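Worksheet: one structure, shown below.
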Amino acid sequence: MARAHVIAIIDDDPSAREATQRLVRSLGHKTQVFSSAEEYLQSDGQPPACLITDLHMPGMSGIDLQDRLIADGCRVPMIFVTAYFEEQVEAQAMEAGAYGFLRKPFDDESFVECLDKALNRRPAKQ
């Protein structure tokens, strides 16, 4: 079995956060969950192997978080999830290095593919 990684999940929707956490754990990984980007930034510890974040959240958005992490020199692989498709925002996230941009509700197979690419740091197809 592959090595278990720590995956951070950021989503303001508790049911979406819990569903993603269950899926990640079913793949054998450990999770850290946060209800906001600000909560994630205030946490201490090592950066996760991958960060899965909702795009639209109160306060700091997922894109704002990506910008902040890049500015801070943190290049943790990121996967975005959103209920609202915005082609320009998706292009911005992918151009900045995101490994996936999934629309809720996403299917498990697409999620697993994105997570595998992120953990193995293989570029996402655009």
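Read-outs throughout are calculated quantities, based only on the coordinates presented, and are distinct from any laboratory measurement. Everything quoted here is computed from the prediction, not taken from an experiment. All Cβ positions, glycine included, derive from the backbone under ideal geometry; neighbour counts span all protein chains shown.
Just one of the listed residues (L41, L65) is in contact with a strand residue (DSSP E or B) (Cβ under 7 Å, 6 or more places away or on another chain) and over 20 Å from S15 (Cβ atoms), namely L65. Among the residues of segment 42-64, those that are in contact with a helix residue (DSSP H, G or I) (Cβ under 7 Å, 6 or more places away or on another chain) and within 17 Å of V6 (Cα to Cα) comprise A49, C50, I52, T53. With respect to (1) at negative phi; (2) part of a loop (DSSP other than H, G, I, E, B); (3) in contact (Cβ under 8 Å) with a residue 24 or more places away in the chain, the lone exception for G97 is condition (1).
Identify, please: which residue in segment 91-102 is buried (at least 22 other Cβ atoms within 10 Å of the Cβ) and among the aliphatic types (A, V, I, L, M) and is, among those, nearest to the chain's Cα centre (by Cα)?
A98
Just one of L69, L41, L55 is within 17 Å of A118 (Cα to Cα) and not β-branched (V, I, T); which is it? Selected residue: L69, the only one of L69, L41, L55 that is within 17 Å of A118 (Cα to Cα) and not β-branched (V, I, T). Listed here are the strands (runs of 3 or more DSSP E) enclosed by segment 1-90 that have at least 3 residues being surrounded by fewer than 13 Cβ atoms within 10 Å (Cβ to Cβ), in contact (Cβ under 8 Å) with a residue 24 or more places away in the chain and hydroxyl-bearing (S, T, Y), and there are none.
Every condition in (1) out of contact with any Ser or Thr (no Cβ under 8 Å at 6 or more places or on another chain); (2) more than 20 Å from K104 (Cβ to Cβ) holds for V6 except the one numbered (1).
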